[in-house]
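Below is one structure, written out as structure tokens; the observations come after it.
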Amino acid sequence: MTSRRTATADLLEAYPPRVLREYALIADGERGILVGPRGEFAWMCAPRWHDEAIFASLIGGSGCYAVTPVGASYVWGGAYEEGSLIWRSRWVTTESIIECREALAFPGDPHRAVVLRRISSVSGRARVRVALDARAGFGGHRMVERSLADDGTWTMRSGPLRLRWTGASTATPQDPALEVGIELNQGDHQDLVLEISDQALPHECPPPDALWAGTERAWRDAVPPMVDTIAERDARHSYAVMRGLTSEAGGMVAAATMSLPERAEQGRNYDYRYAWIRDQCFAGEAVAANGPHPLLDNAVRFVSERLQDAGPQLKPAYTVSGEPVPDETSLALPGYPGGTDKVGNWVNKQFQLDAFGEALLLFAAAAQHDRLDVSHWSAVQLAAEAIEQRWGEADAGIWELRNHHWAHSRLICAAGLRAMGRAVATAQTAEWSGLADAIVADVGRDCLHPSGRWQRAPDDDGVDASLLLASIRGAVPASDPRSIATFEAVRADLGRDGYVYRFRQDQRPLHDAEGAFLLCGFQLALASHQQGHESDALRWFERNRAASGPPGLFTEEFDVIQRQLRGNLPQAFVHALLLETASRLSRPWAQQSPEHITMP
């Protein structure tokens, strides 16, 4: 009993949660892993994004898989292999330089994860400690039925999951973990392969060299060059992140994690392991700004299928396989420091009007690249009909607040209708244009501030960064006095130190209420470009794209004072807007007008 407590405490104390900027993500489309600076897997849900975690130390749960240099004196670094989510952890010790190449075999199988780790000695003699303590059910299930085969392969179970581990034949049980020390001479390497499945494992696993080669090839095929941008490497990395978050069913999770607080002890922590319609549209629109790349087709397919299933009753979010998001519940875990654990999301009870407008904007962007076919046309019709039926209803809005007649929601619907009318030649073009005119006129009646800018809602005269999208997406022209006044108000009232806040929550300084919203920072860069302020656009872009840690991953918010990432990691729509902004800033705004094509 004493040794069991000691071994467990040793692992938990050795790998406490870290600041978010220090985590890298490896992902295969079906699930993701956060890798910490000591080579620890701090977070992984299996077999899929929305399932229970098998490694949960990030939020105070049990479960760990770590490859860590032996000895106290080492410094950490790392980098992604370009155009992929293959991560190389790198440690410089007093004796050696060690790398651990990390990846999930790509593309992923929905039922079976294959985790690849290749430990190498770059210089000197490398010594590392490896510990595996898989704990399914957010730490509730220990590893049982552990067995070492004659070929050196370990098999075991954890709750409903089956595991197989190769490359660690000399590991010894240190209840509840398996541990092994590995020593390598300069130039040598050792492969570890961990399989995790909710079904029977195949008879055998391909050799590591074949798994690595297949993963490298798949990433090369999946991530296109991003030559028409002002930041090719970062734009390509953002595309890779979004691809890693996108399932074979087309759904892209909003983030890989849950329960990471946006503000310490404020109760603002959520489960983002689901596919938001709005985020999916943002991603597709961003990709379309650069070219007809595969993630555009994924977004169109996923959103189209959801509209065809639900019509005007479209939910704001679904699982990546298109199922309902579960109700929000809590776990009996300590949580990430400053936060509490939440599984599921209350967004499943909301109505978000702007999702229909964003869907039309996505479809219009796809049409410009001739990526919208007849099978998607019914979804276009359903989105337009839903706007016609429901645009007068109160909704939760882009920030998912109380139901209200939000100006942004209505203006985005008008933008979507106009975009479809511009992008396609159809008998309904005039009808859509007329409806868009009526919606904009309605917003002008109840949400025009005395200063001439848009205001948030009829009884909320505040300025909101989301209202920049009215001109960016074409609900009203950029030259409209309301667009210019809104742009000036957002820049003056919500811009601080090169970052942008969503809206003013109260009389406190903006940074005291919440972090800067990176999505809004990129939107202001786009709006500046649209208004002809090229130098300002570049400054906003550069400032916000630097708000990440060494792995180049973004969260939703950035704490400007402490220079820390806040919220779930990585936030897909921030990566989407980085890609879109990098693409649009590479050419004059006037050259980005859509072409007309014919649809049935």
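For the stretch 75-87, the set of residues classified as part of a strand (DSSP E or B), of a type outside the set (A, V, I, L, M) and open to solvent by 50 Å² or more (accessible area, probe 1.4 Å) consists of TRP76 only. Of all the residues in the stretch 178-201, those that are more than 20 Å from CYS45 (Cβ to Cβ) and touching a residue at least 40 places away in the same chain (Cβ under 8 Å) number 15. Among the listed residues GLN591, GLN564, which satisfies the condition of being surrounded by fewer than 21 Cβ atoms within 10 Å (Cβ to Cβ) and touching a residue at least 12 places away in the same chain (Cβ under 8 Å)? Testing whether each residue is surrounded by fewer than 21 Cβ atoms within 10 Å (Cβ to Cβ) and touching a residue at least 12 places away in the same chain (Cβ under 8 Å) leaves just GLN564. Restricting attention to the stretch 356-397 and to residues that are open to solvent by less than 20 Å² (accessible area, probe 1.4 Å), in a loop (DSSP other than H, G, I, E, B) and among the hydrophobic types (A, V, I, L, M, F, W, C), the residue that is farthest from THR486 (Cα to Cα) turns out to be LEU372. Each residue in the stretch 174-196 was checked for being open to solvent by 10 Å² or more (accessible area, probe 1.4 Å), closer than 22 Å to TRP212 by Cα and either of a type in the set (Gly, Ala, Ser) or in contact with a Pro (Cβ under 9 Å, 6 or more places away or on another chain) (or both), and 2 of them qualify. For the stretch 130-143, which positions are open to solvent by less than 70 Å² (accessible area, probe 1.4 Å) and on the phi < 0 side of the Ramachandran plot? Once the filter is applied, which keeps residues that are open to solvent by less than 70 Å² (accessible area, probe 1.4 Å) and on the phi < 0 side of the Ramachandran plot, the stretch 130-143 yields VAL130, ALA131, LEU132, ASP133, ALA134, ARG135, ALA136, GLY140, MET143. Restricting LEU448, LEU469 to those that are closer than 17 Å to TYR501 by Cα and at pLDDT 95 or above reduces the list to LEU469. Considering the conditions (1) aliphatic (A, V, I, L, M); (2) within 25 Å of the chain's Cα centre (by Cα); (3) open to solvent by 60 Å² or more (accessible area, probe 1.4 Å), ALA537 is excluded by exactly one of them, (3). When we screen ARG127, ARG90, ARG157 for residues that are in contact (Cβ under 8 Å) with a residue 40 or more places away in the chain, open to solvent by 60 Å² or more (accessible area, probe 1.4 Å) and assigned to a strand (DSSP E or B), the only hit is ARG127. Evaluating ARG268 against the criteria (1) at pLDDT below 95; (2) open to solvent by less than 10 Å² (accessible area, probe 1.4 Å) leaves one unmet condition, (2).
All conditions but one from (1) of a type in the set (D, E, K, R); (2) assigned to a loop (DSSP other than H, G, I, E, B); (3) open to solvent by less than 20 Å² (accessible area, probe 1.4 Å) apply to GLU204; the one that does not is (3). Hey, any hits in the stretch 75-94 for a residue that's modelled with pLDDT under 95, out of contact with any strand residue (DSSP E or B) (no Cβ under 7 Å at 6 or more places or on another chain) and either of a type in the set (Gly, Ala, Ser) or closer than 17 Å to PRO208 by Cα (or both)? No. Checking every residue in the stretch 384-398 against the condition of being over 22 Å from CYS413 (Cβ atoms), out of contact with any strand residue (DSSP E or B) (no Cβ under 8 Å at 6 or more places or on another chain) and of a type in the set (A, V, I, L, M, F, W, C) gives zero matches.
Scanning the stretch 457-502 for residues that are within 21 Å of LEU361 (Cα to Cα), in a helix (DSSP H, G or I) and within 26 Å of the chain's Cα centre (by Cα) yields ALA465, SER466, LEU467, LEU468, LEU469, ALA470, SER471, ILE472. Criterion first (modelled with pLDDT under 95 and in contact with a helix residue (DSSP H, G or I) (Cβ under 7 Å, 6 or more places away or on another chain)) does PRO594 satisfy it? Yes. If you filter the stretch 285-320 down to residues that are assigned to a loop (DSSP other than H, G, I, E, B) and small (Gly, Ala, Ser), you find that the one that is farthest from the chain's Cα centre (by Cα) is GLY291. When the residues of the stretch 334-355 are filtered to those that are assigned to a helix (DSSP H, G or I) and aliphatic (A, V, I, L, M), the one that is farthest from ALA317 (Cα to Cα) is ALA355. The residues of the stretch 164-173 that are hydroxyl-bearing (Ser, Thr, Tyr) and either open to solvent by less than 40 Å² (accessible area, probe 1.4 Å) or part of a strand (DSSP E or B) (or both), listed by number, are THR166, THR172.
The values are calculated or read from the model by the stated rules, or taken from the named source; none is laboratory data. On a predicted model such as this, the values are computed, not experimentally measured, just so you know. Every residue, glycine as well, gets a Cβ built from its backbone with ideal geometry; the counts of neighbours run over all protein chains shown. When the accessible area is computed, the model is the full protein with side chains, heavy atoms only, and any ligands, DNA or RNA have been set aside. Shrake-Rupley method; radii C 1.70, N 1.55, O 1.52, S 1.80 Å.
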